[in-house]
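Following: one structure in structure tokens, then a few remarks.
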Amino acid sequence: MSERNVTHSTFVLERTYPQGPARVFRAFSDPALKAKWFGGADDKWTEKEKSLDFRVGGREVSKGKFKDGPKIEFEATYWDIVPDERLVYSYWMTMDGKRISVSLATIELKATGKSTRLRLTEQGAYLDGFDDPTVREKGTNDLLDALGRSLAE
């Protein structure tokens, strides 16, 4: 067995969306709206399980498989929810049954006129070389882009 190790990393991402904070917040809190942007592209991803219990202490689960790729599991617990302003949650991920990371994420929403400034801060522990902070940051950037496209619909 190889030696265990942990890589710690923090990144901060920001976006401005032309919708107000209530609309952006609903994209996180409403299961049907979140399903439109959170997950893999339909032609590359097969969803096996998805649930969202959006409340303090509630859990979110997403499990699936990339076409010709690994099985991924995501499980989050919500620790702080301030409607239209803030979310704090922790989550872990596995790839093909191996735990690859554990993270704490904070999402802050601020009204800027009729728009919303979203600031996401993620503090991660990437485990045993199975995941990489730069890959996670890119994936999170992609998700925020998908959120923007979903909000524009």
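All of the numbers you see were taken from the coordinates with simple rules; none came from a lab. Model, not experiment: these values are computed from the prediction. Please note: Cβ atoms are built from the backbone with ideal geometry, for glycine as well, and neighbour counts cover all protein chains shown.
Arrange the peptides 6-14, 30-38 so that the one whose residues have, on average, the most other Cβ atoms within 10 Å appears first.
So the peptides 6-14, 30-38, ranked by packing, come out 30-38, 6-14.
Using +1 at the Cβ of each Lys and Arg and -1 at the Cβ of each Asp and Glu in the range 33-143, identify which of SER115, ASN141, GLY39 lies farthest towards the dipole's positive end.
Of the options given, the answer is SER115.
First select every other residue whose beta carbon is under 10 angstrom from the beta carbon of ARG26; then total the charges, Lys and Arg +1, Asp and Glu -1.
0
Relative contact order of the range 6-152: what whole-number percent is it, with Cα pairs under 8 angstrom and at least 6 residues apart?
29
Any chance you could give the angle, 0 to 90 degrees and rounded to 10, that helix 133-152 forms with the longest Cα principal axis of the chain?
Once rounded, the angle reads 30 degrees.
So if I take the centroid of the Cα atoms in the range 126-153 and the same for the range 71-85, what is the distance between those two points in Å?
15
I need the P(r) histogram for the chain: all alpha carbon pairs, bin width 10 Å from 0 out to the longest distance, whole percents.
All Cα pairs, binned at 10 Å, distribute as 11, 40, 38, 11, 1, 0 percent.
Listed here are the pairs LYS44/LYS65; LYS34/LYS67; LYS34/LYS114; LYS50/LYS71; LYS44/LYS138; which of them are more than 19 Å apart at the Cα?
LYS34/LYS67; LYS34/LYS114
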